[in-house]
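S.K.: Structure in structure tokens, see below.
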Amino acid sequence: MSRVNYDDLASLRPLLDGAGIHDDVVQLALTLGGAPHGSGGLLVLGTEDDEPWHFAAHLADESRWNSRPDLEPTLVRWRVPAGAPAHLAFGLERLEAARKSETIFVVAPTTASEALLERVADARRVGALVLSVHGGDHELEQLAHEAVRVPDVGVMSYVDVVQHVVSQTAPGALRRRSLRARLNRMLDTAQGLRAPGTPIDRGSRPRW
């Protein structure tokens, strides 16, 4: 599992601020942290060719470190390989069984397929909350209740950085002011309070 890359965070802070992404990230984390789903009700889904492993792993970390079992993700996979461990063996049938008050978090760096959009739309119709980090997919943005559009700046790690920020700030999403302060502290740390490239040591790695 990867750790937070403070070099990436520091270099991308001007984009977070200048592109108006900062407020969008705060709102997305606030919504995720206050979502009504219970344990097992946060479904994380990627595109057919890009599973959001990093996001799921960081959410799993933060849910344990902050005693927030509601943020323990269920990674929904387009193809489940034979012999996959139980916590990584949830296929599309789990998304199709989504219920009211569950949360669907879609990570789509590339254009979402019709199959993806249809399944997410079905989940929304039954009452699921839809959140997304995406690379400019208008249909997915319209479908989501809250979304962050990641600008095309030629930095492939930018989507990962936004995911890091959301996963680390969501557990403390009690008030907008406190959440904004936490995000600013993270970004300040990235810009010089911590040596570049130094990870946070927060205990043993989870089962991801």
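The values are calculated or read from the model by the stated rules, or taken from the named source; none is laboratory data. Being a predicted model, the structure only gives us computed values, none of them experimental. Cβ atoms come from the backbone with ideal geometry, glycine included; neighbour counts cover every protein chain shown.
S.K.: Out of LEU92, LEU88, LEU117, LEU71, report the one residue that is touching an Asp or Glu at 6+ places or on another chain (Cβ under 9 Å) and within 24 Å of SER39 (Cα to Cα).
M.R.: Result of the check over LEU92, LEU88, LEU117, LEU71: LEU71.
S.K.: Assess whether PRO109 counts as being touching a Ser or Thr at 6+ places or on another chain (Cβ under 8 Å) and at pLDDT 90 or above.
M.R.: Values: touching a Ser or Thr at 6+ places or on another chain (Cβ under 8 Å): yes; at pLDDT 90 or above: no.
It is false that PRO109 is touching a Ser or Thr at 6+ places or on another chain (Cβ under 8 Å) and at pLDDT 90 or above.
S.K.: I would also like to ask the following. Return the residues of the stretch 65-87 that are assigned to a helix (DSSP H, G or I) and either in contact with a Pro (Cβ under 9 Å, 6 or more places away or on another chain) or closer than 13 Å to ALA170 by Cβ (or both); say none if nothing qualifies.
M.R.: Residues satisfying the conditions are TRP65, ASP70, LEU71.
S.K.: Another question, if that's okay. Whether any residue in the stretch 108-126 is assigned to a loop (DSSP other than H, G, I, E, B) and within 15 Å of PHE55 (Cα to Cα) is what I want to check.
M.R.: Going through the stretch 108-126, the residues assigned to a loop (DSSP other than H, G, I, E, B) turn out to be 109-113, 126.
Checking which are within 15 Å of PHE55 (Cα to Cα) leaves us with 109.
The answer is yes; a qualifying residue exists.
S.K.: Just to verify a result, which residue in the stretch 48-59, among those that are crowded, with 22+ Cβ neighbours inside 10 Å and in contact with a helix residue (DSSP H, G or I) (Cβ under 8 Å, 6 or more places away or on another chain), is farthest from LEU131 (Cα to Cα)?
M.R.: Ranking the candidates gives HIS58 first.
S.K.: Looking at (1) touching a Gly at 6+ places or on another chain (Cβ under 7 Å); (2) exposed (fewer than 13 other Cβ atoms within 10 Å of the Cβ), can you tell me which one ARG77 breaks?
M.R.: Only one criterion in (1) touching a Gly at 6+ places or on another chain (Cβ under 7 Å); (2) exposed (fewer than 13 other Cβ atoms within 10 Å of the Cβ) is unmet by ARG77, namely (2).
S.K.: Then there is this: Report every pair of residues separated by at least 6 positions or lying on different chains whose Cβ atoms are under 9 Å apart, first residue within the stretch 119-145 and free of Cβ contacts under 8 Å to residues at least 12 places away in the same chain, second buried (at least 19 other Cβ atoms within 10 Å of the Cβ) and of a type outside the set (Ser, Thr, Tyr).
M.R.: Hits for this filter: GLU141/HIS134; GLU141/ALA147; GLU141/ARG149.
S.K.: Residues of the stretch 116-138 being loosely packed, with under 15 Cβ neighbours inside 10 Å and at pLDDT below 95, which ones?
M.R.: Here is the first cut: in the stretch 116-138, the residues loosely packed, with under 15 Cβ neighbours inside 10 Å are 118, 121-122, 125-127, 136, 138.
Scanning the stretch 116-138 gives GLY136, HIS138.
S.K.: Test LEU95 against the criterion of being in contact with a Lys or Arg (Cβ under 6 Å, 6 or more places away or on another chain) and buried (at least 16 other Cβ atoms within 10 Å of the Cβ), and give yes or no.
M.R.: Criteria met by LEU95.
S.K.: Looking at the stretch 67-107, which of its residues are hydrophobic (A, V, I, L, M, F, W, C), closer than 18 Å to ASP50 by Cβ, in contact with a Leu (Cβ under 8 Å, 6 or more places away or on another chain) and in contact (Cβ under 8 Å) with a residue 12 or more places away in the chain?
M.R.: Residues satisfying the conditions are LEU75, VAL76, TRP78, LEU88, PHE90, LEU95, ILE104, PHE105, VAL106, VAL107.
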